[in-house]
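To keep things clear, I will list the structure first and then write my remarks on it.
The values are calculated or read from the model by the stated rules, or taken from the named source; none is laboratory data. As the structure is a prediction and not an experimental result, all values here were calculated from the model. Cβ sites come from the backbone with ideal geometry, for glycine too, and all protein chains shown count toward neighbours.
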Ligand SMILES: Cc1cc2nc3c(=O)[nH]c(=O)nc-3n(C[C@H](O)[C@H](O)[C@H](O)COP(=O)(O)O)c2cc1C
């Protein structure tokens, strides 16, 4: 591999970031097909079973429906393309059946493996669009609205929406967001829990920068933080303004309900 190749890839990683404002310019269909095909071929997948599907939404009226499901995140309306990535073993199971093989993967492990495949693919797709100058943002709200989205996209048994990407021409140039220092993530040979002091030291910059970033939005959010008695970033994260325990529990229940409905729950909870 030549060093230009290496440098290009490292640069792609270093400029990878979420874009939340888009120009309306459409994306050429041939380019979309090229990027998706290259991403599929360039992504690892368990057993080469490719346990994923992608559903493309470009129609404005259908995007408006998704916008409501995704907590009205404006970028869904702005960006010309929304891709919903699904864990999908339906296709594989039909092939197994048609070829006289035993049915399988309609169980919890089947879901986890297919969900990983879909997530791995989504990051390849994200990087490939970025390599062509487009911007992307993941939509975690896919999980919160999984029941409505599954119905809207007419997902059959053993197909489950795990994440979405909005894709389009960036209309902003956000600064790169921080990550924790490497020592927070990497352990040598065995897991080595940090002391409380070491852990807080890893979050030292995040505690300041993240707090300032949310506060810089100004206006209503500051008033809301004050009303709720939020005095630091950690408290903000689990407040009702971001990821409240009530909301994540409610989403967890919906996820489980849909896993059961889509026949992905077998084996889970059994000793
Ligand atoms: C699975 C997943 C779901 C996400 N969901 C949302 C979302 O719903 N809305 C949003 O604005 N950003 C979303 N993001 C973007 C993250 O907030 C973002 O990746 C993170 O803050 C780091 O910033 P960066 O991507 O610019 O480096 C999501 C990211 C991931 C990986």
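Would you kindly identify the helices (runs of 4 or more DSSP H) lying entirely within the stretch 82-186 that contain at least 1 residues that are more than 16 Å from the ligand (Cβ to nearest atom)?
It comes to 90-98, 108-131, 146-152.
Kindly provide the set of residues from the stretch 194-228 that are part of a loop (DSSP other than H, G, I, E, B) and either at pLDDT below 95 or within 27 Å of the chain's Cα centre (by Cα) (or both), ordered by number.
The answer is 203, 217, 218, 219.
Which numbered condition in (1) part of a helix (DSSP H, G or I); (2) touching a helix residue (DSSP H, G or I) at 6+ places or on another chain (Cβ under 7 Å); (3) within 16 Å of the ligand (Cβ to nearest atom) is the only one that residue 68 fails?
Checking residue 68 against (1) part of a helix (DSSP H, G or I); (2) touching a helix residue (DSSP H, G or I) at 6+ places or on another chain (Cβ under 7 Å); (3) within 16 Å of the ligand (Cβ to nearest atom), the one that fails is (2).
Are any residues in the stretch 1-20 exposed (fewer than 10 other Cβ atoms within 10 Å of the Cβ) and outside any helix (DSSP H, G or I), and if so, which ones?
Result: 1, 2.
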